[in-house]
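Asks: Following this message is one structure expressed as structure tokens.
A short reminder: the numbers here are calculations on the coordinates, not readings from a lab. Keep in mind that this is a model prediction, so the values were computed, not measured. Glycine also receives a Cβ, built like all others from the backbone with ideal geometry; neighbour counts cover every protein chain displayed.
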């Protein structure tokens, strides 16, 4: 990652106090709060000649952290799919694991719903228990596979 290299280059030129400030700033709402966490007078932070470079390091570090979080969420999505596969195949896991999988899908932008669109007219069917929904989805997938229908619309 080119930005990671740029971040490393910037960090290598800063003092220990500036690095402590950057670290604190990543989890703070303001420079003043970060300065306090790092044990540095806030006026010192505002007077640093390197303040623009430090702000760039903070921006790059936040971007890197978001990239890493997105990559981890992508990996967790595969685990969440396995949890749902177990549910669909009747291998009931614990509710906490299932809820965690749903949270992963939610964070990944895959919306959950309590209704299933199962008709060609777009009528929605709800009011099923989790087990009934799983059985219904399994039956629909098996039926579509047996008839060669494409279930993705």
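Asks: I'd like the distance between the alpha-carbon centres of the range 21-38 and the range 75-103, rounded to an integer number of Å.
Replies: Using only Cα atoms, the two centres lie 38 Å from each other.
Asks: Can I ask one more? Going 7 Å from the Cα of residue 26 in the Cα-to-Cβ direction, what parts of the range 69-90 have a backbone nitrogen less than 16 Å from that spot?
Replies: Inside the label zone: 69-72.
Asks: How far apart, in nm, are two points set 7 Å out from the Cα along the Cα-to-Cβ line at residue 70 and at residue 86?
Replies: 2.9 nm
Asks: Can you tell me the length gained on complete extension of the stretch residue 15 to residue 36, counting 0.36 nm per residue apart and subtracting the Cα distance?
Replies: 5.9 nm
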